[in-house]
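Down below is the structure, laid out as structure tokens.
The values are calculated or read from the model by the stated rules, or taken from the named source; none is laboratory data. On a predicted model such as this, the values are computed, not experimentally measured, just so you know. In this analysis, Cβ positions are derived from the backbone assuming ideal geometry, glycine residues included, and neighbour counts consider all displayed protein chains.
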Amino acid sequence: MYWLVGLMSLALVGLIATGLALELGPERLARIGRLRRWLKPALATQLLAFVSAHLGLLVLGVGDALAQTTEATAAGNAEISTGMGLAILGAGIPTAFSTIGAGIAVGPIGAASLAAITEKPESLGRTLIYLGLAEGIAIYGLVVSILLLNRI
């Protein structure tokens with residue numbers, strides 16, 4: 001099971017590095033055409049490895065992770081099992097994705113509201129409502145994470 005976690009970590013690091021290379025250096029990559037032709041298939045291969053390792057980890061590792069029990073140590077503190085750690089990580093995922101979504105939503109809305117306010121200052125209240133609606137996405141994710149943490 002550890003090799004699946006290692007493969008997922010390697011694929012994730014490769015995806016991030018390839019994405020950064022494609023995003024931050026398009027002018028350098030235009031000069032080096034061979035590297036650009038190599039990076040796009042590498043990105044697809046890394047994504048395929050990540051998804052397949054993730055599915056393999058789910059199929060092979062969920063039973064092992066949930067079968068472990070929490071045992072008390074000599075000091076009296078409870079040790080966190082792998083299943084409990086995965087549950088805590090899973091409780092944080094809604095907050096992570098909702099804040100990413102809120103950031104993606106607030107960017108264009110904020111730029112458009114600034115443009116609207118410069119042309120028509122009386123539209124400030126209306127634009128603040130739109131910004132609040134976009135920011136509410138992150139609050140919904142936080143509430144879901146808190147509810148999930150209470151269930152653990």
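Couple of notes before you dig in:
- You will find that of Leu57, Leu20, the residue that is at pLDDT below 75 and either surrounded by 12 or more Cβ atoms within 10 Å (Cβ to Cβ) or not in a helix (DSSP H, G or I) (or both) is Leu57 and no other.
- The range 80-136, residues that are under 30 Å from Leu58 (Cα atoms) and aliphatic (A, V, I, L, M): Ile80, Met84, Leu86, Ala87, Ile88, Leu89, Ala91, Ile93, Ala96, Ile100, Ala102, Ile104
- The combined condition, being surrounded by 14 or more Cβ atoms within 10 Å (Cβ to Cβ) and either in contact with a strand residue (DSSP E or B) (Cβ under 7 Å, 6 or more places away or on another chain) or at pLDDT below 65 (or both), is not fulfilled by Leu43.
- Among (1) modelled with pLDDT of 70 or more; (2) surrounded by 12 or more Cβ atoms within 10 Å (Cβ to Cβ), the one test that Leu89 misses: (2)
- Test result for Pro94, under 30 Å from Ala11 (Cβ atoms), at pLDDT 75 or above and in a helix (DSSP H, G or I): yes
- Taken together, Ala74, Ala49, Ala30 contain a single residue that is over 28 Å from Arg151 (Cβ atoms), outside the structural domain of Ile146 (by TED's automatic domain parsing) and at pLDDT 70 or above, which is Ala49.
- Residue satisfying condition, being of a type in the set (Gly, Ala, Ser), touching a helix residue (DSSP H, G or I) at 6+ places or on another chain (Cβ under 7 Å), in the same structural domain as Ala87 (by TED's automatic domain parsing) and part of a helix (DSSP H, G or I), within set Gly103, Gly136, Gly141: Gly141
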